[in-house]
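Reviewing the structure listed below.
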There are 2 protein chains.
Amino acid sequence: MPHLSPHDVMTMFMALAVLLGGAKLAGELMQKLGQPAILGEISVGILLGPTVLGHFHPHIYAALFPATGVAPIAIETITTLGVVFFLLTAGLEIDLRSIFRQGKSALFVSFFGVIFPFAAGFLAAGLFPKYLGASEGADTLIFALFVGTALSISALPVIARILMDLNLLRSEMGTVIMSSAMFDDLVGWILFSMVLGMMNPAARSGGGLKHTIALVVLFAGLTLTVGRWLIDKMLPFIQAHTTWPGGVLGFIFTLTLAGAAFTEYAGIHAVFGAFIIGIAVGESTHLRKRTSAHIHEIVTNVFAPFFFASIGLRTNFVANFNLGLTLTVIGVACAGKIFGAKWGARLGGMDNRSSWAVGLAMNARGAMEMILGILALQAGLIREQMFVALVIMALFTSLVSAPSIHALVSRRRTTTLKDVVTSKLFIPKLDSDTRHGALKQMCELAANEVSNSAERFLRIVLEREKVVASGWENHLAIPQARINGVTRPLVVVGKSASGIDFDARDGKPARLVIMIITGDNQSQHDLLADASSLFSNREAIEQALEANSFVELVAALNAPVS
Amino acid sequence: MPHLSPHDVMTMFMALAVLLGGAKLAGELMQKLGQPAILGEISVGILLGPTVLGHFHPHIYAALFPATGVAPIAIETITTLGVVFFLLTAGLEIDLRSIFRQGKSALFVSFFGVIFPFAAGFLAAGLFPKYLGASEGADTLIFALFVGTALSISALPVIARILMDLNLLRSEMGTVIMSSAMFDDLVGWILFSMVLGMMNPAARSGGGLKHTIALVVLFAGLTLTVGRWLIDKMLPFIQAHTTWPGGVLGFIFTLTLAGAAFTEYAGIHAVFGAFIIGIAVGESTHLRKRTSAHIHEIVTNVFAPFFFASIGLRTNFVANFNLGLTLTVIGVACAGKIFGAKWGARLGGMDNRSSWAVGLAMNARGAMEMILGILALQAGLIREQMFVALVIMALFTSLVSAPSIHALVSRRRTTTLKDVVTSKLFIPKLDSDTRHGALKQMCELAANEVSNSAERFLRIVLEREKVVASGWENHLAIPQARINGVTRPLVVVGKSASGIDFDARDGKPARLVIMIITGDNQSQHDLLADASSLFSNREAIEQALEANSFVELVAALNAPVS
């Protein structure tokens, strides 16, 4: 029986460590720059792959990612598992009911947002297959269908992230965009599974293809109706009679693996099965948030990065870069999607500016295009140049989406404590034990920071204190004031070992004092709401009280205990 | 480059689905029977492996788990990843500080609990290597060290689970047992890594072995001192400056994979590196509970079962079963561990009965023995008969541990709502809108269940109601009474759509009424404490209110929302 030698095991773990560590580091950096993490994860793969590391240090590259033996099989196994699990979480996020509930705008946006880019891609690829990177001997119809599909799937997670960052997710525009993107996802994947079925060499003959399509339609249809109903009936039973969340997790992952195996058997890729199972499970009202949180966190933070980083390993992105092709793909993709979705939004009754924003948001592509590209590359449908062009198109559209919407719809970002606190305004040990003394010290620090008058700050804070005492429960006090002329929010955090009486409801002296001074009502409101949600339980306050350094304080604000 | 074909991918997902589904099902069944889940997970592997399925249906077996091609490599990759991640969680559970803080009893228990079984195994194997299943040409010293080690590692997770079930975990005896078992784990793994280093063919020559031991000692020493300190310093920084918990999860898994790669490179197995990294990370006070919960749930419920179920695939447990050898291994293992730990407990000043309980608890073996056995089998140190004997020894000792302690120390199990509710005492819609009417209906049901007088029940419940109103917050009411002669706790759950006034603090009418009637104070107290922890937030009560069937109600009690 073939077997992993100790050297293979070492190589596999080394490669996985480098991929994951690099991907997470670059992903976090990208997020700091306001970009989706996937950009960083893929860039690291390109750096570690044949493009850069393989080109400049071929020996290191060959040692890390050997091309022969069983190590590449091991790596491919993990990345395949990663992408299948990623599609499970993508499916869990699809909300069929919200798609069916969608109004006229979303209907038009999703319809034209798919039809336009699909038609543009289909026509361009059908007319100029060679120029658009069809491989020798590829069937032009299949190739055209593939290009149309690859240009029409929006990147749901990227779009959700952008809308969240711009505080637009719960707005009317956000709802329209999200339900349209979900619909696109669904339609795109159905198209995709058909293209995959047609690409399947065994199925190219008429009978095999019919077989594949029948199996896939049967699988998706049954899973999303009877299966969905059964899962919804079974979940309460499993939650009632097995250890929790172990039983439910085992159930979901078993279904996912079985779905993946079935769609692979039917002649299309395993990811489709995982996606459909994800939708069916995610629809159940009995699925607990904590269960999906466990799946979501481990999959998106550990398994998905394995896959995304491995994309860059597949080819040389410099040698296979074709400027003309890449620009054409980007041009056709953007034009089709932006105009299609924008036109749909106008027809749905949205104003011109919002319609453009909808078009720009829907334009973000991501993981799906790359998965599609990899499968088409493996199936010999496209040349490597087209694969590179597709990956760059997906990265480029994700990259420009956020700034372009931002330029169009200038929405205020919610102000959070974490954004505002600075090490200068952190007092690990307050000098005074009295309310007046502590507030004086904090006001001096705050006023000094913006070259304002400490007396004026203190006077206004004390006036506010007279009206409403600022003691909260569990040793926390949040004095606050709105002071004209303060241009940016100031948050002073002070700790007191002995505690300071702030007239708290529970009578406990304040050991953590968070003073919020703003010039406007909106950020005052944001910061108070943030404090109230962060410190709603005793453990969170204790965590912040244990912070001895500024970094530990920020950690307490960023990573709450429970 | 070697490559996974669609057929390989399908085979891999099918095999994983069958392994996981079977393992979870059998694991849950075992837990229902009060046994550790691992027993079920391994039994399923034996059923699916060459022992049963391979023997009776060789064609199905060969299709599911092919012996040639790349599919076995893919399965081995996933199970290797599974066992490495499992050791990460095992390491996270080790608390070095509690080991160092341990008192005299724990010191003696852990010392003699390791020395006795090690010496017994070492001597037996050294004197009769062939009888105890040494493979042809195996070095007798290494073999004896291996057997000694394999008999001395206790199964920390199994023991923790048994103590928890018997409500002994927080008792003095429980603390002694847990810190001794952790110490055993640590010592056992250090011994194990040395044996592994000696087994490594490349290291058998003196120089290579010294190299391996130096690298491993350096790795473990540095990781548990400097590394632990560094991780503790870095965690707050990562929690402050990256998305949470994604950044921390990426950090922990990257370290784990790198540690696994390093120990594999050093000449011992990857699991040791993951275990040491797990200990170092788990020591940090900055690690949030929610982060380790994500890791724990996905690893123990998805990845560990892959591994444990795969144990049964490795050999034919019937053909390689040797009764004499198995009984000898069980006898030596039990005698050494039980008497060693029992003697240690006596020396530490525990009474005779408790000392026996300590010995019986420490006697449970589990995952570690099997991992050790697999590695020794792969390295050609032991014959398959010895591997089978080791697995059976681990299963047997785990199996008898709980009942034998239970017989010795008859501890009361905590009564929970989930255990007590029955579908007969569930009223989806109460007939009356008044407190008196609702209580009357509930008392009639309860009294009828135990053939007692409904009038008497109602009178006592109403008396209690007069003293303290039973309305809690958020539409919940918990009327209760202790009634002489009631031999088992009765919990009646009623729902009211319109709500019933129960004098709640927040003035809201009760829509969920849970009546608790017991004959003793202890279970009354247990059930109230359970209700109070379950229904501490509004979401949990709403979840229970949405329960339309009895199964959904039990699900709400077993799988809380937040």
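Quick note: the coordinates plus some simple rules give every number you see, no bench work behind them. Given the structure is predicted, the values throughout are model-derived calculations rather than measurements. Cβ: placed from backbone, ideal geometry, glycine included. Neighbour counts: every protein chain shown.
Packing, as the average of other Cβ atoms within 10 Å across residues, places the peptides A:45-54, B:543-552, B:466-475 in the order A:45-54, B:543-552, B:466-475, highest first. Over the C-alpha atoms of the stretch B:146-262, the Rg to Rh ratio, Rh being the Kirkwood estimate, stands at 1.07.
Structure note, pairs A:508/B:104; A:289/A:342; B:32/B:130; B:24/B:104; A:289/B:32; A:24/A:418: Cα-Cα distances above 30 angstrom occur for A:508/B:104; A:289/A:342; B:32/B:130; B:24/B:104.
Over all directions, the average projected area of the alpha-carbon convex hull for the stretch B:14-69 comes to how many nm²?
Seen from a random direction, the Cα hull of the stretch B:14-69 projects 3.8 nm² on average.
For chain A, the antiparallel share of DSSP beta bridges with both residues in that region comes to about 55%. The calculated pair-distance distribution of chain A uses every alpha carbon pair, bins of 10 angstrom beginning at 0, and gives 3, 15, 22, 23, 17, 12, 6, 2, 0 percent.
For chain A, the relative contact order works out to 17 percent when only alpha carbon pairs closer than 8 Å and six or more residues apart are counted.
Whole-percent P(r), the stretch B:34-108, all Cα pairs, 10 Å bins from 0: 15, 28, 27, 16, 11, 4.
Sorted from longest to shortest, the spans of the Cα atoms of the stretch A:369-408 along the three principal axes equal 41, 15, 9 Å. Counting, for every residue in A:276-289, the Cβ atoms of other protein chains within 10 Å of its Cβ and taking the mean gives 1. Classification of the stretch B:67-107 by its C-alpha gyration tensor yields a prolate form. The axis ratio a/c (a ≥ b ≥ c) is 1.5 or more, and a/b outweighs b/c. Between residue A:462 and residue B:451, the distance separating the two model label sites (each 7 Å from Cα on the Cα→Cβ line) works out to 7.9 nm. Where both bridge residues fall in the protein assembly as shown, DSSP classifies roughly 55% of the beta bridges as antiparallel. Distance from the Cα centroid of the stretch B:23-77 to that of the stretch A:116-177 is 42 Å (rounded to whole angstrom).
Here the stretch A:436-562 has an Rg and Dmax of 13.8, 39 Å, counting Cα atoms alone.
Extents of the stretch B:92-173, taken as max minus min of Cα coordinates on every principal axis and listed largest first, are 47, 26, 22 Å.
Show me, bin by bin at 10 Å from 0, the whole-percent P(r) of the protein assembly as shown based on Cα pairs. Bin by bin from 0 Å, the calculated values are 2, 9, 16, 20, 21, 17, 11, 4, 1.
The Cα atoms of the stretch B:348-497 define a convex hull whose projected area, averaged across directions, is 16.6 nm².
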